[in-house]
Amino acid sequence: MPKVSHKGATMPQSPIRKLVPFAEAAKKNGVEVIHLNIGQPDIKTPKVALDAVRNNTLEVLEYSRSEGSEEYRQKLAGYYAKNDIHVNAHDIIITTGGSEALAFTMGSIMDTDDEIIVPEPFYANYNGFATAAGVKVVPVTSYIDSNFALPPIEEFEKRITPKTKAILICNPGNPTGYLYTKEEIKKLAAIVKRHDLFLVADEVYREFAYDGRQHYSILQEEGLEQHAIIVDSVSKRYSMCGARIGCLVTRNQEIIKTALKFAQARLSPPTFAQMASEAALETPQSYFDDVKEEYTQRRNLLVAELEKIEGVRIGNPQGAFYCIAELPIDDADHFAQWLLEDFRFEGETVMVAPAAGFYATEGLGKNQIRIAYVLDRESLKRAVNILKEALKSYTHSEAI
Ligand SMILES: Cc1ncc(COP(=O)(O)O)c(C=O)c1O
């Protein structure tokens with residue numbers, strides 16, 4: 001039989017989705033599964049965005065330009081200007097989600113066996129994109145004790161080799177909820193300039209910064225014109241994950257020229273979804289204020305409830321809508337599967353994402369899970385209570 005590629009065989013499964021068959025089986029047996037595992041917000045998509053698709057008068061659903069519609073990119077430059085990020089339409093390539101922006105970025109800056117340094121834990125799909133591009137992820141570990149702040153810059157220095165092409169950060173962080181400070185961004189800026197590397201920032205959660213904190217983009221940092229590339233998306237900003245629209249933004253025209261060739265190969269981003277995304281730019285500020293308030297309250301509730309459980313440790317999430325929780329167990333993969341297969345509390349259970357898949361270093365994160373707080377407060381409270389009850393019977397029945 002012909003064989004699948006080595007690349008395909010080593011492509012990692014998503015730690016967020018790999019337990020889905022167990023959840024489906026539980027649901028078939030009438031169990032209510034509360035999903036803490038996936039970043040699918042329950043917030044309503046702005047009406048202006050949905051109306052743009054509902055009310056359109058298109059007669060032919062054409063391809064758009066490979067770099068995305070001119071009008072949308074012009075308006076998007078206006079969105080960035082409001083966020084104190086000054087770019088032009090020609091600095092933007094519209095992609096099919098932030099996911100494709102990540103793929104284009106890797107394709108445009110890295111060759112096979114090149115290395116990209118990434119603070120871990122990181123968004124698990126970076127491993128998948130790196131595998132697809134034949135690129136090696138070199139992790140620098142960040143720790144729950146320091147709330148997953150940027151590791152000392154010397155740790156990055158130590159890992160730089162002739163094969164290193166870039167440093168990749170996620171800000172605010174999925175799965176950590178950490179928001180990098182201006183000072184941390186400046187440290188990264190200095191190191192990429194010193195070693196002539198790219199600095200890639202996944203800023204898809206830009207709007208989700210809490211407690212009065214301000215997000216500081218790498219594109220606000222002077223002197224990074226040739227180094228900085230951001231990956232962005234409408235998925236979380238407007239709760240429109242299914243639109244599949246994102247973008248790559250850089251002032252480096254060599255990167256734009258290169259990424260455009262990848263964009264041409266896949267022809268164009270989706271036309272309807274670009275219309276929705278363009279209209280979404282009209283979303284009033286009050287929408288974001290309300291959403292931020294809602295997530296802040298969910299975060300507060302989640303942290304307060306988790307802290308009541310003996311043996312559970314968490315950081316202090318400052319942004320995005322995730323947190324890493326350390327549990328008094330030794331194998332979160334087993335625990336997460338056991339929750340779905342064996343544990344029920346009043347007819348319900350919870351689905352969590354084991355954190356090991358968010359680390360590149362073997363053995364790390366085994367006693368951690370990632371929790372996404374994209375549920376209403378009532379469900380979140382129930383979910384944490386289920387987790388508490390589960391930990392009682394797990395530690396008793398499955399002795400660590
Ligand atoms: C950190 C991060 N980057 C990128 C993405 C990709 O998002 P999308 O392709 O929906 O824009 C996600 C999705 O969850 C994410 O969490």
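The values are calculated or read from the model by the stated rules, or taken from the named source; none is laboratory data. All values reported here derive from a predicted model rather than from experimental measurement. FYI the Cβ positions are ideal-geometry reconstructions off the backbone, even for glycines, and counts take in every protein chain you see. With ligands, DNA and RNA removed, areas are computed over all heavy atoms of the protein, side chains included. Shrake-Rupley method; radii C 1.70, N 1.55, O 1.52, S 1.80 Å.
Taking the DSSP bridge list for the chain and keeping only pairs wholly inside it, about 45 percent are antiparallel.
With one equal scatterer per alpha carbon and no solvent term, the Debye-computed log10 I(q)/I(0) for segment 139-232 at 0.12, 0.17 1/Å reads -0.35, -0.72. The GluC sites (Glu not before Pro) found in segment 274-355 that occupy coil by DSSP, while having at most 15 further C-beta atoms within 10 Å, are Glu282, Glu310, Glu346. The longest stretch of the chain left intact once loop-based chymotrypsin sites (Phe, Trp or Tyr not before Pro) with at most 16 other Cβ atoms within 10 Å are removed from consideration, loops following DSSP, is 144-400. Straight-line reach from Lys193: which aspartates and glutamates fall under 14 Å, measuring Cα to Cα and dropping same-chain residues less than 8 apart? Partners within reach: Glu157, Glu221, Glu222, Glu225. The alpha carbon centroids of segment 250-276 and segment 48-123 are separated by 7 Å. Can you pick out the pairs among Lys18/Lys136; Lys47/Lys292; Lys261/Lys292 whose Cα atoms lie more than 26 Å from each other? Among Lys18/Lys136; Lys47/Lys292; Lys261/Lys292, the Cα-Cα distance tops 26 Å for Lys261/Lys292.
Estimated from helical segments only, the mean residue ellipticity of the chain at 222 nm is -12000 deg cm²/dmol, where each DSSP H run of four or more residues counts as -39500 (n - 2.57).
What a 1.4 Å probe finds exposed on segment 12-165 is 51% carbon and sulfur by accessible area, rounded to a whole percent.
Counting only protein heavy atoms and a 1.4 Å probe, segment 53-140 has 43 square angstrom of accessible area per residue.
Loop-only check: which trypsin sites (Lys or Arg not before Pro) in segment 117-225 are DSSP coil with at most 12 other Cβ within 10 angstrom? Within segment 117-225, the qualifying trypsin sites (Lys or Arg not before Pro) (loop, at most 12 other Cβ atoms within 10 Å) are Arg213. Summed over the residues of segment 176-221 and divided among them, the accessible surface reaches 37 Å² per residue at a probe radius of 1.4 Å. For segment 185-263, with all protein chains in place and a probe radius of 1.4 Å, 50% of the accessible heavy-atom surface sits on carbon or sulfur. Per-residue 3J(HN,Hα) values for segment 342-355, derived from phi via the Karplus relation 6.51 cos²θ - 1.76 cosθ + 1.60 with θ = phi - 60°, read 10, 9, 9, 10, 6, x, 10, 9, 10, 10, 10, 9, x, 7 Hz in sequence order (x marks Gly and Pro). Hydrodynamic estimate: the Kirkwood radius of the chain over Cα pairs, inserted into Stokes-Einstein at 4 °C and 1.567 mPa s, corresponds to D of 59 µm²/s.
Counting other C-beta atoms within 10 Å, and keeping those with at most 13, which DSSP coil trypsin sites (Lys or Arg not before Pro) do you find in segment 244-308? Filter output for segment 244-308: Arg266, Lys308.
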